[in-house]
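To start, the structure itself, in structure tokens.
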Amino acid sequence: SSGINAECHYGRAPKEKFTIDEMILALKPYLTRKLGEDVNAVALLNLAGDNGGQCLIDFKTQTMVANPSSCHPDVTINMGVDTLISMIDNRESLMDVYKSGRIKIE
């Protein structure tokens with residue numbers, strides 16, 4: 001089973017399952033002002049699997065909303081919860097995941 005590494009991610013104890021809100025907290029450090037300068041887009045992240053859900057990410061404003069009621073994203077990213085956790089834990093790169101077909105970008 002997957003879990004976010006406690007030592008690498010803010011001293012949290014390892015868990016078996018994460019809520020969408022906890023995953024947003026784990027992703028938050030990756031949203032930087034520099035990224036917002038380079039990427040002017042809104043993405044909908046569809047996470048499949050246990051405790052999956054949706055996360056709307058606005059790169060320009062550096063905001064994220066769990067399970068938005070309505071949205072009009074520029075891009076939709078589909079992947080499994082385990083895949084996202086694997087990337088957050090640096091066990092796999094985005095390129096590895098993309099090449100394996102476990103992430104779909106529409």
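Here are a few things to note about the model shown:
- Kirkwood Rh, angstrom, segment 64-106 [1 / mean 1/r, Cα pairs]: 11.6 Å
- In plain terms, the chain from Ile105 to Asp82 could stretch by 6.6 nm, reckoned as 0.36 nm per residue minus the Cα-Cα distance.
- Taking all C-alpha pairs of segment 22-82, those more than 17 Å from each other amount to 36 percent.
- Estimated FRET transfer efficiency (Tyr30, His72; beta-carbon r; R0 25 Å; 0.05): 0.65
Where a number appears in this text, it was derived from the coordinates with a stated rule and is not lab data. What you see is a predicted model; the values in this text were computed from it and never measured. Counting neighbours? That spans all protein chains shown, and the Cβs are built from the backbone with ideal geometry, glycine included.
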